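Report on one structure; see the data block that follows.
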Amino acid sequence: MAQAATINVGSKVRIARVRDRIPADLVEALKADATGTVKGFRTVDGKGIGVVVELSGGQTAWFFDDEVTPA
């Protein structure tokens with residue numbers, strides 16, 4: 001994870017982009033406010049790291065580490 005030094009649990013982040021298709025309600029939430037708080041991390045594809053983010057609207061979703069930036 002390239003941003004490991006700057007993104008920790010509790011950090012405020014902005015969703016900069018999304019690589020995969022996501023549900024329409026999540027698209028609308030990101031359009032309204034693309035910032036959130038890191039709640040944790042998860043392993044993706046057996047080698048990558050995903051970031052679990054709680055958005056300002058209360059939804060929780062995970063994103064690849066290159067999809068988030070510090071807010």
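The values are calculated or read from the model by the stated rules, or taken from the named source; none is laboratory data. These figures come from a predicted structure and were not determined experimentally. Counting neighbours? That spans all protein chains shown, and the Cβs are built from the backbone with ideal geometry, glycine included.
Looking only at residues that are among the β-branched types (Val, Ile, Thr) and under 12 Å from the mean Cα position of the chain (by Cα) in the range 16-37, which one is modelled with the lowest pLDDT?
The residue in question is Val18.
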- Complete set of residues in the range 16-44 that are exposed (fewer than 12 other Cβ atoms within 10 Å of the Cβ), within 23 Å of Thr6 (Cα to Cα) and either of a type in the set (Asp, Glu) or free of Cβ contacts under 8 Å to residues at least 40 places away in the same chain (or both): Arg42, Thr43
- Could you give me the residue pairs with C-beta distances under 6 Å whose first residue belongs to the range 47-71 and is farther than 15 Å from Gly10 by Cβ, whose second residue is charged (D, E, K, R) and part of a strand (DSSP E or B) wherever it lies, and which are 6+ apart or on separate chains? Gly50/Arg42; Trp62/Arg42; Thr69/Arg14
